[in-house]
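Everything below concerns the one structure shown next.
Every number in this text was worked out from the coordinates using simple rules, so none of it is lab data. Treat the numbers as computed from the prediction; the structure is a model and nothing was measured. Note that each Cβ is placed from the backbone with ideal geometry, even for glycine, and that neighbours are counted across all protein chains shown.
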Amino acid sequence: MSISVPEKWDIETDVVVVGYGGAGATAAITASNCGAQVTVLEKMPSGGGNTRVSGGGLFKTTSMEWRRYVEALCFGATGTDVIEEFVRNAMENKDWIKEIGGEVEPTLHLQVSYPGPAPKASFPQLPGWESMEKFGVKGPDTEPNKAERLWKLLSGNVERRAIRVMMSTPARRLITNEKDEVIGVAAEKDGRDLFVKARRAVILTCGGFEFNDDLKRDFLPCKPFFAFGNPGNTGDGVRMAQKIGAGLWHMTATSAQLGFKAPEYESAFIIRLFTERFIYVNRDARRFADEAKIEVHSIAWLTSIFDGQRFRYLNIPAYAIFDETARRKAPLSPGNIGFNQNLYKWSSDNSAEIGKGWISKGKTIAELARKISVDEAALEKTVADYNDGCKNGRDGEFGRSRETLTAIDAPPYYAIELWPCLINTQGGPTRDKDGRVLDAEGSPIPRLYSAGELGSIWGFAYQGSGNNGESLIFGRIAGRNAAAERSWE
């Protein structure tokens, strides 16, 4: 059934890309290289999306053996044909970066807090992980931010191809004809309707739903769930695709970690304690994990534990407990990732944040417990037990490794309240191996494609750098196939 085909189009083009982040830029570059005229619509005043505020990591794979690893992470939620196409194209990621003028350098995977290097895969216990290689875009020392390097490379290629990019132009709905083909986009520009004809196809690359409270409430495994990324990610692609009959997948899958939510800022702050002198406790003042081995993207598995007797999540909120030595070592928020990195600079010794009341301080552990409203005796015992483990070289509760055990024993003591915070969501319209969006019965919606975290392939667990890498992969797949469509006119 057609949706309000306009009598007159304001703009005509071959391919319309909705969303100007990593996936959108890649799709636009690829479609343009294939001979298509491309128009990109972006709702925010500037481009980059979550790509620009990410860690900037990418990956390639050296063998189809990596399929086993991806299948394990997806846990049956993603079809084998999609995974195989994904892995096949992952082999080309590094070469493609070089083709568009970038240089590359290796990167390491980091755990959530402890600063030492970790295996390049998020889950090295799973088969096939050795076939993955992580890298980033190399740049001058004057630009240390890997995400900004990646975005400058992508956006620079868009500009060199003279691809039309329209900022502050949110897409409102997809336009279909009597054949149920997607033939354009109804958008808004300067408060007025803007109708953009897509002679060949539309590609949705408009991100996830990290800032849509209704979708988070209905689909995510714990509540509340804040977010680190671009506030423009409000699930627009989910809404527009659903309206024309798209099916959904992976709506409960997340990439998330603990973070601090200041009321003054829409996005949360990523918190990383670059020290061994800390523990995490919950509202019962009890530790709940080996703090040094929490996988950086998988905090939802811990924060989703629900106590049916007390009817509350056991580990929401959580608190990082640390001492004066840790406080002075480094800022708790590194300032090179997340949307707030350009809005606020965290003080080097965390003193400004203590002054703001973001970090609580106590001369003793008991005083600190009162500040954060947890049981004094319980927190004293938790810290004492941890310190005893440090002295004995053995963490009897969670088996934290000896080299990460350092006592919390230099007063005063500190705590910061932490919440589950999204790096991004993975759910959205179902896509096939060709990047086509599928309807609720599994058939392709004609002339509609997607790429990026909107309907990501990561159906259960998430691999670090997975969305940036996927943006390149399905951006290329969708761009090629959209450009290959014959005009519907």
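The modelled label-to-label distance for the pair Asp284/Asn387, using points 7 Å beyond Cα in the direction of Cβ, is 2.4 nm.
The fewest-to-most ranking of Thr169, Thr425 by surrounding Cβ atoms within 10 Å reads Thr169, Thr425. Of the beta bridges in region 236-326, as assigned by DSSP with both residues counted there, near 90 percent are antiparallel.
Can you give the net charge of the other residues whose Cβ lies under 12 Å from the Cβ of Ala262, counting K and R as +1 and D and E as -1?
Numbers: positive: Lys261, Lys356; negative: Glu264, Glu266, Glu353, Glu417.
That sum, taken over residues with Cβ under 12 Å, equals -2.
Extension gain for Arg192 to Glu376 (0.36 nm times residue separation, less C-alpha to C-alpha distance): 60.4 nm. Normalised by the number of residues in the chain, the mean separation of alpha-carbon contacts (under 8 Å, six or more apart) gives a relative contact order of 25 percent. By the count of neighbouring beta-carbon atoms within 10 Å, fewest first, Ser4, Ser471 end up ordered Ser4, Ser471.
Quick check: from the Cα gyration tensor, does the chain come out rounded (a/c under 1.5), prolate or oblate?
Details: a/c = 2.03, a/b = 1.89, b/c = 1.07.
Prolate, since a/c reaches 1.5 and a/b exceeds b/c.
Separation of region 312-376 and region 124-193, taken as the distance between their Cα centroids, equals 34 angstrom.
Of the cross-linked pairs Lys43/Lys223; Lys329/Lys391; Lys120/Lys371; Lys216/Lys329; Lys243/Lys293; Lys216/Lys433, those separated by over 32 Å at the C-alpha level are Lys120/Lys371; Lys216/Lys329; Lys243/Lys293. In the frame of its principal axes, region 351-402 has Cα extents of 36, 24, 17 Å, reported largest first. Among Glu7, Glu470, the order by Cβ neighbours within 10 angstrom, fewest to most, reads Glu7, Glu470. Does region 255-422 come out rounded, prolate or oblate by the C-alpha gyration tensor, with a ≥ b ≥ c the root eigenvalues, rounded set by a/c under 1.5 and, if not, prolate when a/b is larger than b/c and oblate if not? Rounded. Restricting attention to the chain, close to 70% of DSSP beta bridges with both partner residues there are antiparallel.
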